[in-house]
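The values are calculated or read from the model by the stated rules, or taken from the named source; none is laboratory data. In this text, all values refer to a predicted model and were calculated from it rather than measured experimentally. Please note: Cβ atoms are built from the backbone with ideal geometry, for glycine as well, and neighbour counts cover all protein chains shown. With ligands, DNA and RNA removed, areas are computed over all heavy atoms of the protein, side chains included. Shrake-Rupley method; radii C 1.70, N 1.55, O 1.52, S 1.80 Å.
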Amino acid sequence: MADVAIAQPGQPVPAPDRARPLDALNFLLADVRDGLGPYLAIYLVAVRGPSHGWNEATAGLVMTIAGIAGLLATTPAGILVDRIHAKRAMLVAAALIVTLASLSLPFVSGFALVTIGQSLAAAAGAVFAPGIAAITLGIVGPKAFAKRVGRNEAFNHAGNAVSAALAGLLAWKFGPVVVFWLMAGLAALSIAAILRVDPAAIDHATARGCDSDVDARPATVAETLRGSPKLAIFAATAFLFHLANAAMLPSVGQLLAKRVGGGEATSLIAACIVGAQLVMVPVAIVVGRNADRLGHKPILLAGFAVLAARGVLYTLSDAPVWLLTIQLLDGIGAGIFGALFPVVVAAIMRGTGRFNAAQGIAATIQGLGGALSTTLAGAIIVWGGYTPAFLVLAGIAGAGLLLYAVAMPETARQET
């Protein structure tokens, strides 16, 4: 591997060189790890349409069921990452499953088959976040972890922006179904990127949050939760963040589909994603470089505040230009939360050897919020329209801000 070859014989490879393949991995895996996301809602509502029994509520229900399948797999996925050394093979298998499930969507019909396929994709996708975080921690160690996670997130968001731009352009010419084929190509490239990571560069004890190999016992859920009240508080705030955030972009996509049609809505939602992801790139870098110095808590409180403001601002107009502009705020709020989520969990669990199990538990709880979000918003939209739905989501974000401000202590000092 080129990154290893630059080292002199008998000398260890510097951590920045060993970590360099993570750039390509995060860039290319970005679209695969997130699945179809808002494109699924647009496809089901605008393409399948009412003639096939699909509306905002049924599309939201599919996304909720798939989200539940993913969250049920998240804690076992974190424990699995702590237990095994074959982390690269695990990521390759997950990428293949997600892609095959997505590619099957144009060829299956009916609520049950669509739900099964998306549930399989969500369950497989549960290994991506803990797998990448573990590999990163195992390569760079705890002192450089926050900065490297910020870099990971920057490349992830850049990858999302590029893939979304391609999806928008191709959907404008060929229709929404082209997104599925684009994902297949990106999956093949992401597998090549995974295999570029040198397995010998990963310290698997460090990847689990161990200071040494002394604590080498497999983690259990009970051991992870015992004596970790800060983890429970953080997971609760993550639940509220994703309960508020997850439905916002799909709801905007559905609103655009109602106004301008499915093909154009897919292109517009791609533009929303591109804009937000481009904002997330510098946000992730800045957060990663300054989180331990400025503190995790004030940065995360700012993320909650931006999310609440975004929900309110969506209600002021349904003009595409306005919706595109407000979606840029997602780059700040979600960018902050994504960059700090593994950093805060690592700070809480440092030295326990249960970092990835803790990630899985916290991600399960936050995933429950994300899964419920789309059904909640879809039901409110059908009942009362888009404005009440966005206001409810904004109120939930405000509740998360209050809980974090009152109950969550600062975690940055644990990284010193």
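Here are a few things to note about the model shown:
Here's the yes/no breakdown for (1) assigned to a helix (DSSP H, G or I); (2) within 20 Å of GLY338 (Cα to Cα):
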position: PRO142; (1), (2): no, yes
position: ARG151; (1), (2): yes, yes
position: ALA154; (1), (2): yes, yes
position: VAL162; (1), (2): yes, yes
position: ALA165; (1), (2): yes, no
position: LEU170; (1), (2): yes, no
position: ALA187; (1), (2): yes, no
position: ILE191; (1), (2): yes, no
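- Residues that are modelled with pLDDT of 85 or more and open to solvent by 10 Å² or more (accessible area, probe 1.4 Å), drawn from the stretch 207-259: LYS230, ALA232, ILE233, ALA236, PHE239, LEU240, HIS242, LEU243, ASN245, ALA246, LEU249
- Residue match in the stretch 94-115 (condition: closer than 23 Å to ARG354 by Cα and in a helix (DSSP H, G or I)): yes
- Lone unmet requirement of (1) in contact with a Pro (Cβ under 9 Å, 6 or more places away or on another chain); (2) closer than 18 Å to ASN245 by Cβ; (3) surrounded by fewer than 24 Cβ atoms within 10 Å (Cβ to Cβ) for ALA377: (3)
- Flag if ALA346 is in a helix (DSSP H, G or I), modelled with pLDDT of 90 or more and surrounded by 20 or more Cβ atoms within 10 Å (Cβ to Cβ): no
- Single match in ALA412, ALA308 (criterion: at pLDDT below 85 and either open to solvent by 50 Å² or more (accessible area, probe 1.4 Å) or small (Gly, Ala, Ser) (or both)): ALA412
- Long-range neighbours under 8 Å by Cβ, at least six apart or interchain, first residue at pLDDT 70 or above within the stretch 40-60, second open to solvent by 20 Å² or more (accessible area, probe 1.4 Å) and among the basic types (Lys, Arg): TRP54/ARG48
- Any chance VAL321 is among the hydrophobic types (A, V, I, L, M, F, W, C), at pLDDT 85 or above and in a helix (DSSP H, G or I): no
- Qualifying position, being open to solvent by 40 Å² or more (accessible area, probe 1.4 Å), without any contact (Cβ under 8 Å) to a residue 24 or more places away in the chain and of a type outside the set (Asp, Glu), among VAL382, VAL406: VAL406
- Residue within the stretch 332-339 that is touching a His at 6+ places or on another chain (Cβ under 9 Å), under 18 Å from ASP82 (Cα atoms) and modelled with pLDDT of 90 or more present: no
- Which listed residue is over 17 Å from ILE194 (Cβ atoms), modelled with pLDDT of 85 or more, open to solvent by less than 10 Å² (accessible area, probe 1.4 Å) and of a type outside the set (Lys, Arg), from PHE128, PHE145: PHE145
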